[in-house]
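Only one structure is covered here, and it is reproduced in the block below.
The values are calculated or read from the model by the stated rules, or taken from the named source; none is laboratory data. This is a predicted model, so every value here is computed, not measured. Because the Cβ atoms are built from the backbone with ideal geometry, glycine has one as well, and the counts that use them run over all protein chains shown.
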Amino acid sequence: MPKKIPMRMCTGCAAHRPKKELVRVVRTPDGTIELDLTGKKSGRGAYLCPDPQCLKKARKARRIERALECAIPEEVYNRMEQEMSQYEQ
């Protein structure tokens, strides 16, 4: 029997994709918000396509904030945009 592939929804474009194709944004137990490129960090997570456009959509609609149940400061979004552009290359 083939192994089941975990699917997750991108908070930006709402597309369902395999978990490995998405980037996880995590709120750690101490309250910091960061990109989790390994998918293994502990904390509450939300998923995004590795596309800056999806981050922009999620940011505009405050979907990541809703998913992580906390407010996200501008500098954290800016840092995530930089990390994501580096991740793409």
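Brief remarks follow.
- Residues that are surrounded by 10 or more Cβ atoms within 10 Å (Cβ to Cβ) and small (Gly, Ala, Ser) within the stretch 1-46 comprise 12, 14, 15, 39, 43, 45, 46, listed in sequence order.
- All positions within the stretch 1-14 that are of a type outside the set (S, T, N, Q) and closer than 13 Å to residue 53 by Cα: 10, 12, 13, 14
- In the set (1) more than 21 Å from residue 16 (Cβ to Cβ); (2) modelled with pLDDT of 90 or more, the condition left unmet by residue 80 is number (2).
- Screening residue 14 with (1) part of a strand (DSSP E or B); (2) within 14 Å of residue 64 (Cα to Cα) gives one miss only, at (1).
- Among the residues listed as 71, 67, the single one being among the hydrophobic types (A, V, I, L, M, F, W, C) and either assigned to a loop (DSSP other than H, G, I, E, B) or surrounded by fewer than 15 Cβ atoms within 10 Å (Cβ to Cβ) (or both): 71
Residue-by-condition table, conditions (1) of a type in the set (S, T, N, Q); (2) touching a residue at least 40 places away in the same chain (Cβ under 8 Å):
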residue	(1), (2)
17	no, no
21	no, no
24	no, no
41	no, no
48	no, no
52	no, no
65	no, no
76	no, yes
86	yes, no
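- Looking only at the stretch 80-89, and only at residues there that are farther than 9 Å from residue 33 by Cβ and under 13 Å from the mean Cα position of the chain (by Cα), the one that is surrounded by the fewest Cβ atoms within 10 Å (Cβ to Cβ): 87
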